[in-house]
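Following: one structure in structure tokens, then a few remarks.
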Amino acid sequence: MRTIIIAANWKMNTTPADAGALAAEIAAATEAPDVTRVICPPYVCLAPVRDALEGTGAAVGAQNVHVLDGGAFTGEISAAMLRGLVTWCIVGHSERRRDQCETDDLVGRKVARCLESGLRPIWCVGEQLDDREAGRAEEVVREQVSRALTAGGLANGELGKSIVIAYEPVWAIGTGRTARGADASAMADAIRGALEANGWTHEQAEAIPVLYGGSVTAASIGEFLAEPAIDGALVGGASLKPAEMAGIVARAATAAQARREAVRQP
Ligand code: PGA
């Protein structure tokens, strides 16, 4: 059974002075042993958030990592530098694909770098609105998965078993508009199918958690967790609000319990 994961992407919000207190407040409001909680603050807030989350069971993640381990790359942060600060890392977020021109090739190599460095990557994929409207959303996302797996040398599912994939339709991010649960579920199937098409076994592909991301709130998370193929959410705007996070994780805990019972009584 896959675990349910709720990951908070704080993006370019919070400061080292206030991030620790916010993280502590969210951790206290979201206690749920069956739900994996991850908070991804900006780099400069990682240390205070790590300290604030100690003993809470919530984990810390970065929002990005460089593909190489060191060198002349002004302003960049490597996986080696993140050691001791985080155990997770978002890779290939659509805002970085848009603003930093990250390609599937680079994203795949970053996913591989995370795995080599012992970080769990939350690898983001998702189509643009015109892809969805033209009926080619699944084809686009399958291609994103295939290209990145090839570039990262990740045709072996054993190597990639700690990967988490976040399906984030670009048109749903920060817009207040969410995908439909059924569409997200179909996409999760397409993503796992793409893993299999690239050399993973069926069992390996089925073991990978697929999250939904895009305007998730306490009010909308239920629709996604009602889909057995969806294993949680990557939350942006609402993840800065403790009450929203409390509602989201409470729904996730209910879903985790229901899934556990379903496994016990098939
Ligand atoms: P949002 O962001 O929840 O604000 O839409 C999600 C994300 O970008 O990961």
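The values are calculated or read from the model by the stated rules, or taken from the named source; none is laboratory data. Quick caveat, the model's predicted, so the values are computed rather than measured. Neighbour counts run over all protein chains shown; Cβ positions are idealised from the backbone, glycine included. Note: areas computed on protein heavy atoms with side chains; ligands, DNA, RNA excluded. Shrake-Rupley method; radii C 1.70, N 1.55, O 1.52, S 1.80 Å.
Roughly how much of Val263 is accessible, in Å² to the nearest 10, using a 1.4 Å probe?
Solvent-accessible area, nearest 10 Å²: 90 Å².
Kindly sort Leu119, Leu159, Leu129 by accessible area of their heavy atoms, largest first, with the probe set to 1.4 Å.
Leu159, Leu129, Leu119
Excluding ligands and nucleic acids, what accessible area in Å² is computed for Thr150 using a 1.4 Å probe, to the nearest 10?
That residue has around 100 Å² of solvent-accessible surface.
Check every DSSP H run in the chain and write down those whose alpha carbon atoms cover 20 angstrom or more along the long axis and whose mean Kyte-Doolittle hydropathy is -0.5 or greater.
137-152, 181-197, 242-264
So what is the relative contact order for the chain, in percent, with contacts set as C-alpha pairs under 8 Å and at least six apart?
21 percent.
In whole angstrom, note down how far apart the Cα centers of the stretch 1-46 and the stretch 50-66 are.
Distance between centres, Cα-based: 7 Å.
If you count the DSSP beta bridges with both ends in the stretch 88-236, what percent of them are antiparallel, to the nearest 5?
About 0 percent, rounded to the nearest 5.
Hey, what number do you get for the chain at 222 nm if only DSSP H runs of n ≥ 4 count, each worth -39500 (n - 2.57), divided across all residues, to the nearest 500?
Value at 222 nm, helices only: -12500 deg cm²/dmol.
Per residue, how many Å² of accessible area does the chain show with a 1.4 Å probe?
Averaged over the residues of the chain, the accessible area is 43 Å².
State the answer as a single residue: which of Ile230, Val125, Ala23 lies farthest towards the positive end of the charge dipole of the chain, with beta carbon charges of +1 for Lys and Arg and -1 for Asp and Glu, about the Cα centre.
Ranked along the dipole, the leading option is Ala23.
Please give the peptides 230-240, 9-19, 73-83 ranked by average Cβ packing (other Cβ atoms within 10 Å per residue), highest first, as a rough proxy for protection.
230-240, 9-19, 73-83
With a cut-off of at most 12 other beta carbons within 10 Å, and DSSP calling the residue loop, which GluC sites (Glu not before Pro) in the stretch 218-266 qualify? Please list them.
Sites meeting the loop and neighbour criteria: none at all.
Could you compute how much accessible surface Tyr43 exposes when probed at 1.4 Å, giving the result in Å² to the nearest 10?
Rounded to the nearest 10, that gives 80 Å².
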